[in-house]
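To start, the structure itself, in structure tokens.
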Amino acid sequence: MPGACSVADMAQYHARVAGRQYTFASLATLLAKATPARSGDQLAGLSAASDAERVAAQIALSEVGLAEILANPVIPYESDEVTRLIVDTHQAAAFAPIASMTVGEFRDFLLDYATTGDVLRDLAGGITPEMSAAVSKLMRNQDLIAVAAKCHVTTAFRNTIGQPGRLSARLQPNHATDDPLGVAISVLDGLLFGIGDAVIGINPATDELPKVVELLKMLDDIIARYQIPTQSCVLTHVTNSVAAIEAGAPVDLVFQSIAGTQAANRSFGIDLALLAEAQQAAQSLQRGTVGGNLMYFETGQGSCLSADAHQGIDQQTLEARAYGVARAFDPLLVNTVVGFIGPEYLFNGKQIRRAGLEDHFCGKLLGLPMGCDVCYTNHADADQNDSDDLLTLLTAAGCTFFMGVPGADDVMLEYQSTSFHDIAYARELFGLQPAPEFAAWLLQQGIIADDGRLQEIAAGHQLLELLGA
């Protein structure tokens, strides 16, 4: 980058670019101005006013010490429980090897060939969300891919997610009226494409508890009847999941959308204590067979801003803070629904692509089993070619799982995602297979061959009974 090195002075940060001196009043301002351009930060009045100012902020940020970032949370400890969680769970011993580094030096360290996945795994507990966000702002897309590809995070419930050489997928059989037959048809279609090892997860059209319980029982019946080594989830509010558990429903995973500030989480109707209560309730059922990771979280850049709870912090830094929340609950799955909130926050395919790579990188660096809903809304400046690009880049980066939506068009949520065919493409292109237990079941069912490739299904296959049942 052109320009002089920066120095911190009385909580101000400086850099000179093209003969002009730029000053940034706080670490939060510096992080925001260093962020690649996106519509959400522009909407909030936080983004750099020019490319030159953005470069100056990146220069200044490169000289900030990681220890300084640790000591200066972007939201005060006293006023935000997410900050308290991040600070109180920070592992000093894990941080020690990088404690003397600046953000720029940390970037170089991450890209070094000698910094292996094992090294990054040992460091994860010492890296705060703000550190991961800061270093991502200095990285090109290829840097984000190269570092994330080193990180393998393994979790387990009824199968094992995240091992090298594996790519999982959520089977998302949403239906506009939660019709059981419509859901079953989508489940069948997905299974025959080898989809569903991450989770068979339904976004219900209604949050009414009886319908949630009905869907949970239906999915549990399918999994039990065909002995499918996977887990189910109805993506209802966490309080509904707790109520369903109390009513004796077969709850595998507990889902919740989360954000990076206490105020944004409050707008979702949650706090950390409620998440802990739900986790304990699900653990009491002991439904996992190969592991005990049972929380499922979704996030997305712009969620804090959309709730007017961003507190002057850029949306990407806040997204990383949401991963600090997720990390505390040992989840089975975490994914960024990257383009779902709309063009007010990520305007076009380029911004969605960058955000997806940032989110995946930050999540993996923090030790999370990170997936991505590669998606966009119909009023965004994006199309399926943009989704193809991001899907391919994230597969190269070692993304843990994607969404499998019939035809890539979710008829209930009314947005565009990735299809069963898209997952098959990614697995074929990169030589990847589903989770090992699920792959063995697919092989037994004749859905895949020994090499993992999909096979033609005969008319009398037992899974076709789903339609009659």
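Against the conditions (1) within 17 Å of R327 (Cβ to Cβ); (2) among the acidic types (D, E); (3) without any contact (Cβ under 8 Å) to a residue 24 or more places away in the chain, where does D122 fall short? Just the number, please.
The single condition D122 does not satisfy is (3).
Going by the structure shown, is A281 within 22 Å of N203 (Cα to Cα) and over 16 Å from the mean Cα position of the chain (by Cα)?
So A281 fits the description; yes.
Exactly one condition in (1) touching a Leu at 6+ places or on another chain (Cβ under 9 Å); (2) more than 28 Å from Q142 (Cα to Cα); (3) among the β-branched types (V, I, T) is not met by T392; state its number.
Here T392 clears every test but (2).
Is at least one residue of region 133-154 open to solvent by less than 10 Å² (accessible area, probe 1.4 Å), in contact with a Ser or Thr (Cβ under 6 Å, 6 or more places away or on another chain) and among the small types (G, A, S)?
yes
Please count how many residues of region 241-255 are β-branched (V, I, T) and open to solvent by 30 Å² or more (accessible area, probe 1.4 Å).
Here the count works out to 0.
Do you know which residues across region 325-350 are farther than 21 Å from Q172 by Cβ and surrounded by fewer than 24 Cβ atoms within 10 Å (Cβ to Cβ)? Spell out how you get there, then give the answer.
As a first pass, look at region 325-350 and keep what is farther than 21 Å from Q172 by Cβ: 325, 327-330, 343-345, 347-350.
R327, A328, F329, D330, P343, E344, F347, N348, G349, K350, listed by residue number.
Only one residue in A309, A322 is under 13 Å from P129 (Cα atoms), among the small types (G, A, S) and touching a residue at least 40 places away in the same chain (Cβ under 8 Å). Which one?
Going through A309, A322 in turn, the sole match is A322.
Looking at (1) at pLDDT below 95; (2) in contact with a Ser or Thr (Cβ under 6 Å, 6 or more places away or on another chain), can you tell me which one A458 breaks?
(2)
Determine if region 367-386 includes at least one residue that is free of Cβ contacts under 8 Å to residues at least 24 places away in the same chain and open to solvent by 10 Å² or more (accessible area, probe 1.4 Å).
In the first step, residues of region 367-386 are kept if they are free of Cβ contacts under 8 Å to residues at least 24 places away in the same chain; the result is none.
So far as region 367-386 goes, no, none of its residues is free of Cβ contacts under 8 Å to residues at least 24 places away in the same chain and open to solvent by 10 Å² or more (accessible area, probe 1.4 Å).
Take V238 and tell me if it is touching a Leu at 6+ places or on another chain (Cβ under 8 Å), open to solvent by 10 Å² or more (accessible area, probe 1.4 Å) and among the aliphatic types (A, V, I, L, M).
On the way: touching a Leu at 6+ places or on another chain (Cβ under 8 Å): yes; open to solvent by 10 Å² or more (accessible area, probe 1.4 Å): no; among the aliphatic types (A, V, I, L, M): yes.
No.
Quick check on region 196-248: of everything there that is of a type in the set (S, T, Y) and in contact with a Gly (Cβ under 8 Å, 6 or more places away or on another chain), which residue is nearest to A440 (Cα to Cα)?
T230
When you go through A184, A247, A176, A224 one by one, which is the residue that is over 29 Å from A426 (Cβ atoms), touching a helix residue (DSSP H, G or I) at 6+ places or on another chain (Cβ under 9 Å) and not β-branched (V, I, T)?
Result: A247 is the single residue among A184, A247, A176, A224 that is over 29 Å from A426 (Cβ atoms), touching a helix residue (DSSP H, G or I) at 6+ places or on another chain (Cβ under 9 Å) and not β-branched (V, I, T).
Yes/no matrix, rows are residues, columns are (1) of a type outside the set (G, A, S); (2) open to solvent by 60 Å² or more (accessible area, probe 1.4 Å):
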{"position": "L390", "(1), (2)": "yes, no"}
{"position": "L393", "(1), (2)": "yes, no"}
{"position": "C399", "(1), (2)": "yes, no"}
{"position": "M412", "(1), (2)": "yes, no"}
{"position": "F420", "(1), (2)": "yes, no"}
{"position": "E428", "(1), (2)": "yes, yes"}
{"position": "Q445", "(1), (2)": "yes, no"}
{"position": "G452", "(1), (2)": "no, no"}
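Taking region 446-462 as the search range and keeping residues that are in contact (Cβ under 8 Å) with a residue 24 or more places away in the chain and under 31 Å from the mean Cα position of the chain (by Cα), which one is nearest to T160 (Cα to Cα)?
G452
Here are I258, I313: which of them is over 24 Å from P204 (Cβ atoms) and either in contact with a Lys or Arg (Cβ under 9 Å, 6 or more places away or on another chain) or buried (at least 19 other Cβ atoms within 10 Å of the Cβ) (or both)?
I313
Tell me, yes or no, whether region 372-391 has at least one residue that is within 29 Å of I98 (Cβ to Cβ), not in a helix (DSSP H, G or I) and not hydrophobic (A, V, I, L, M, F, W, C).
Checked against the condition, which is being within 29 Å of I98 (Cβ to Cβ), not in a helix (DSSP H, G or I) and not hydrophobic (A, V, I, L, M, F, W, C), region 372-391 yields no hits at all.
Can you name every residue in region 284-298 that is within 20 Å of the chain's Cα centre (by Cα) and hydroxyl-bearing (S, T, Y)? Let's see the steps before the verdict.
Step one: filter region 284-298 for residues within 20 Å of the chain's Cα centre (by Cα), giving 292-298.
Passing the criteria: only Y296.
Residues of region 190-203 being more than 21 Å from F340 (Cβ to Cβ) and either modelled with pLDDT under 95 or of a type in the set (A, V, I, L, M, F, W, C) (or both), which ones?
L191, L192, F193
Do we have G339 as assigned to a loop (DSSP other than H, G, I, E, B), touching a helix residue (DSSP H, G or I) at 6+ places or on another chain (Cβ under 8 Å) and small (G, A, S) here?
So G339 passes the test.
The values are calculated or read from the model by the stated rules, or taken from the named source; none is laboratory data. Keep in mind the model is a prediction, meaning the values are calculated, not measured. Methodologically, a virtual Cβ is constructed for each residue, glycine included, from the backbone with ideal geometry; neighbour enumeration extends over all protein chains shown. Areas reflect the complete protein model, heavy atoms only, side chains present, ligands, DNA and RNA absent. Shrake-Rupley method; radii C 1.70, N 1.55, O 1.52, S 1.80 Å.
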